[in-house]
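Below: the structure, in structure tokens.
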Amino acid sequence: MLDQIAKRLTAADLKANLDDIQGGLLTEYDTLACRYVFYRIDDPAKGRAWLRELVDDVTSCKGYAEGAAPNGTLNIAISVWGLKALGLSDCVVGSFPHAFCQGMRARAAALGDVGPSAPENWEGKLGSEEIHVLVALSHASPKACGEQHTWLSSVTEQIGGVAEVHMIPAEVIFDQRAGCPSAHFGYADPISQPAIEGFEEQARPGDGAIGPDGRWRPIKPGEFLLGYENELGERTETPGPPGLCDNGTFIVFRKAHQDVAGFHDYLKQGAMALWGQDDHDHQELMAAKIVGRWRSGCPLALSPERDDPAIAADPERVNDFDYADDPEGTKCPLGAHLRRANPRATKLTTTTDINRKRMLRRGLEYGPPLPVGAPDDGVDRGQAGLFVVADIELQFEFIQAQWICKGDFIGLPTDEKDPLIGPNRGEGQFTVPGADMPFLFDLRQFVTTKGGEYFFVPGLRALRGIADGSF
Ligand code: HEM
């Protein structure tokens, strides 16, 4: 097995390794509730004993991929501080990529985590050297998930030497505007995810990369898993000694507060500024321009003037577009969240291999939904976002720093940021070609980072090895 990994795994090897890849990475769980529990390891030997106790309960990708999904799931990810706290040597830890070794707090300014999103305002010790292990639990209901957590707490207490530092409960929410699993701002989400070669037989139109024949093809697995062939045809590097990173990857965890009432107030203001009208239809058009999709999920690229629920409901059409016929952004603004985060065939001002800038988006929403039309109730709600990438710097950090927080890559002013999640702080600009007044100014900040961290997600054999002290 080690020889095979050192050679280079290709898409053809993926299926045979599903039992070693942690679940929730290549596929989304269809459980409705989740708890993200963060731990600190105070005693390396007890920390390893704790992992040994949990490792048999860790869910792999295999069951989900083969339609035999377990009722509850448990997954484990480890920060750089956690690898050290579990007793891995400085030499092994130091071989991990620079961004991971620095941790998210040190990278905050480049990620746009400034002002209210700055690390000094982060919660629950997120981003601190006390966040060692993330245990993600998921189950059919919040109650069942709570019971899993009670069991985990009793295991943790029995062994000792490990302390719970923070916990975020999250859930699938349904918004009446989207009419399906959605985000607090009221949009269907997620819809677009990269298809993975060797895992999916073929890409649903829009989910992969555009091949030379104009058809969509899945992305190489090395963009999401260490040791596999990536889009360059090379093996994605595996840090550490042989075996440690086999079938492993990285996740970026981000807790992002959403100002739902502020966002909806702004839709009125924005619609009035762009079209001189703030009736319901113009507010919905404003909402669609900001994201690039109508609330139903129907993309502006396919239906720029009105929502088309039939497109939203059709898996073959809902993601089947590439913006090639919309170079100016009159259908979907160049700066819309969707187009920035995955510009597809948009002509960029810098040469960028967009197939190496993909992420698997996981995670759920935390906090109760704010009823439509209700004023702000002061309750914290938002996204517990999880992004799966083989290279934190090349994928997540690049997208966040260069595409979300800047505009020049797509021909917009450098300081024009993502209108939905950019750090706009009341001074943002949003270019909306085709509107009566095609610029919005004084854009507010709707999303505030409340904390985050980079984690390594070992394969199951490697997790056992860490627990046994083999590395
Ligand atoms: C609270 C924070 C966020 C909210 C509310 C949000 C909302 C959305 C929505 C509504 C969609 C459209 C659904 C879909 O196409 O799947 C979407 C797509 C997407 N978002 Fe976000 N998002 C957030 C944070 C982020 C961050 C931090 C990133 C990356 C740095 C990101 C990257 C993406 C990508 C890659 C897509 C799919 C684009 C495509 O393939 O066309 N999002 N997001």
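Could you please find all residues in the stretch 319-354 being farther than 19 Å from Asp408 by Cα and either away from the ligand (no atom under 12 Å from the Cβ) or touching a helix residue (DSSP H, G or I) at 6+ places or on another chain (Cβ under 6 Å) (or both)?
Correct list: Asp325, Lys331.
Counting just the residues of the stretch 174-207 that are more than 10 Å from the ligand (Cβ to nearest atom) and at pLDDT 90 or above, which one comes out farthest from Pro375 (Cα to Cα)?
Keep residues of the stretch 174-207 that are more than 10 Å from the ligand (Cβ to nearest atom), which gives 174-177, 179-181, 195-205.
Now narrow it down to the ones that are at pLDDT 90 or above: 195-199, 204-205.
Working: Ala195: 39, Ile196: 42, Glu197: 46, Gly198: 47, Phe199: 44, Arg204: 39, Pro205: 39 Å.
The qualifying residue farthest from Pro375 (Cα to Cα) is Gly198.
When the stretch 374-401 is examined, which residues are found to be in a loop (DSSP other than H, G, I, E, B) and either among the charged types (D, E, K, R) or in contact (Cβ under 8 Å) with a residue 24 or more places away in the chain (or both)?
Of everything in the stretch 374-401, those that are in a loop (DSSP other than H, G, I, E, B) and either among the charged types (D, E, K, R) or in contact (Cβ under 8 Å) with a residue 24 or more places away in the chain (or both) turn out to be Ala374, Pro375, Asp376, Asp377, Asp380, Arg381, Ala390, Asp391, Ile392.
Output the qualifying pairs, or none if there are none: Cβ atoms under 6 angstrom, residues six or more apart or on different chains, first residue in the stretch 186-203 and more than 16 Å from Ala16 (Cβ to Cβ), second residue near the ligand (Cβ under 6 Å from one of its atoms) and modelled with pLDDT under 95.
Between residues of the stretch 186-203 that are more than 16 Å from Ala16 (Cβ to Cβ) and residues that are near the ligand (Cβ under 6 Å from one of its atoms) and modelled with pLDDT under 95, the close pairs are Asp189/Ala183.
State all residues of the stretch 220-233 that are in contact (Cβ under 8 Å) with a residue 40 or more places away in the chain and either surrounded by 24 or more Cβ atoms within 10 Å (Cβ to Cβ) or closer than 11 Å to Arg8 by Cα (or both); if no residue qualifies, say none.
Listed by number, the residues that qualify are Lys220, Pro221, Gly222, Glu223, Phe224, Leu225, Leu226, Gly227, Tyr228, Glu229, Asn230.
Do we find that Gly292 is surrounded by 19 or more Cβ atoms within 10 Å (Cβ to Cβ) and either within 13 Å of the ligand (Cβ to nearest atom) or modelled with pLDDT of 95 or more (or both) in this structure?
Details: surrounded by 19 or more Cβ atoms within 10 Å (Cβ to Cβ): yes; either within 13 Å of the ligand (Cβ to nearest atom) or modelled with pLDDT of 95 or more (or both): yes.
Answer is yes for this residue.
Go through the residues of the stretch 402-424 one by one and say whether even a single one is within 13 Å of the ligand (Cβ to nearest atom), in a helix (DSSP H, G or I) and of a type outside the set (Phe, Trp, Tyr).
Yes, some residue in the stretch 402-424 is within 13 Å of the ligand (Cβ to nearest atom), in a helix (DSSP H, G or I) and of a type outside the set (Phe, Trp, Tyr).
Output the residues belonging to the stretch 133-151 that are closer than 22 Å to Phe456 by Cβ and touching a helix residue (DSSP H, G or I) at 6+ places or on another chain (Cβ under 8 Å).
Within the stretch 133-151, Val133, Val135, Leu137, Ser138 qualify.
Let me confirm something: among Glu123, Glu66, which residue is out of contact with any helix residue (DSSP H, G or I) (no Cβ under 6 Å at 6 or more places or on another chain), of a type outside the set (Val, Ile, Thr) and over 21 Å from Ala384 (Cβ atoms)?
Glu66
The values are calculated or read from the model by the stated rules, or taken from the named source; none is laboratory data. Worth saying up front: this structure is predicted, and the values here are computed from it rather than measured. For neighbour counting, all protein chains shown are included, and Cβ atoms are generated from backbone atoms with ideal geometry for every residue, glycine included.
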